[in-house]
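**Student:** Sending over a structure as structure tokens; questions will come in a sec.
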Amino acid sequence: MRNKVLKFGFVIAVLAVMLSACRKENDADAGGTSMEKMAGVFWVQIKYQGTPLVPDYFKIITYNTSDNSTTKMWLDDQGHIWPFKFKVDVDLNSQTFSANNAASEYSNITVKLANGKLLTGVTMGPASKAKTDSIYFEAEFSDDPGTTYQFAGYRRTGWPEDDH
């Protein structure tokens, strides 16, 4: 009899834990970051005096800072271009960004970044023709002083044929 009571008590305890652990949440919105309008993966060409240095496109990413700042974001080539990873100043209302002697996390260089702009829905993926955002900025790197490079491209569309 004692075994039956213990087994029954154990089953009740397990059911109570299972039922309380399966509570449905009403808040399905995980929220976003302060930079979600400007964050993303972009394909850019590097130009000098308006002419592409090479025909290739390079991947850069933009994303929020760990403190979820409303005035700063990361601009990162993931070590593929210069390499650079800089915090840039952001104006969310105008979707512009800039930096003055920002230090790279990847190398011992700084950058002066000007005329950074994200334009929503103004361009298309080259193959898919899917509407997407445009990105542009000008950069002068401390290891190549006096030379201003233009970076121009588009937000990744998600279509594999638009990836480079």
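**Student:** For segment 117-144, enumerate the residues that are more than 24 Å from residue 73 (Cα to Cα) and of a type outside the set (D, E, K, R).
**Tutor:** Residues satisfying the conditions are 124, 125, 126, 127, 128, 130.
**Student:** A further question follows. Any idea which of (1) part of a strand (DSSP E or B); (2) of a type outside the set (Phe, Trp, Tyr); (3) surrounded by 13 or more Cβ atoms within 10 Å (Cβ to Cβ); (4) free of Cβ contacts under 8 Å to residues at least 60 places away in the same chain is the one residue 121 doesn't satisfy?
**Tutor:** (3)
**Student:** Just wondering, is there one or more residues in segment 34-44 that are in a loop (DSSP other than H, G, I, E, B), open to solvent by 70 Å² or more (accessible area, probe 1.4 Å) and not polar (S, T, N, Q)?
**Tutor:** Within segment 34-44 (the criterion being in a loop (DSSP other than H, G, I, E, B), open to solvent by 70 Å² or more (accessible area, probe 1.4 Å) and not polar (S, T, N, Q)), the answer is yes, since at least one residue qualifies.
**Student:** Same structure, new question: Tally time: how many residues in segment 132-164 are assigned to a strand (DSSP E or B), basic (Lys, Arg) and surrounded by fewer than 20 Cβ atoms within 10 Å (Cβ to Cβ)?
**Tutor:** Of the residues in segment 132-164, 0 are assigned to a strand (DSSP E or B), basic (Lys, Arg) and surrounded by fewer than 20 Cβ atoms within 10 Å (Cβ to Cβ).
**Student:** Which one is surrounded by the most Cβ atoms within 10 Å (Cβ to Cβ), of the residues in segment 101-116 that are in contact (Cβ under 8 Å) with a residue 12 or more places away in the chain and more than 16 Å from residue 148 (Cα to Cα)?
**Tutor:** By that ranking, first place goes to 104.
The values are calculated or read from the model by the stated rules, or taken from the named source; none is laboratory data. Just so we're clear, the structure is a prediction, and the values are computed from it rather than from any experiment. Cβ atoms come from the backbone with ideal geometry, glycine included; neighbour counts cover every protein chain shown. Ligands, DNA and RNA are stripped out before the accessible areas are found, and what is left, the full protein with its side chains, is counted by its heavy atoms. Shrake-Rupley method; radii C 1.70, N 1.55, O 1.52, S 1.80 Å.
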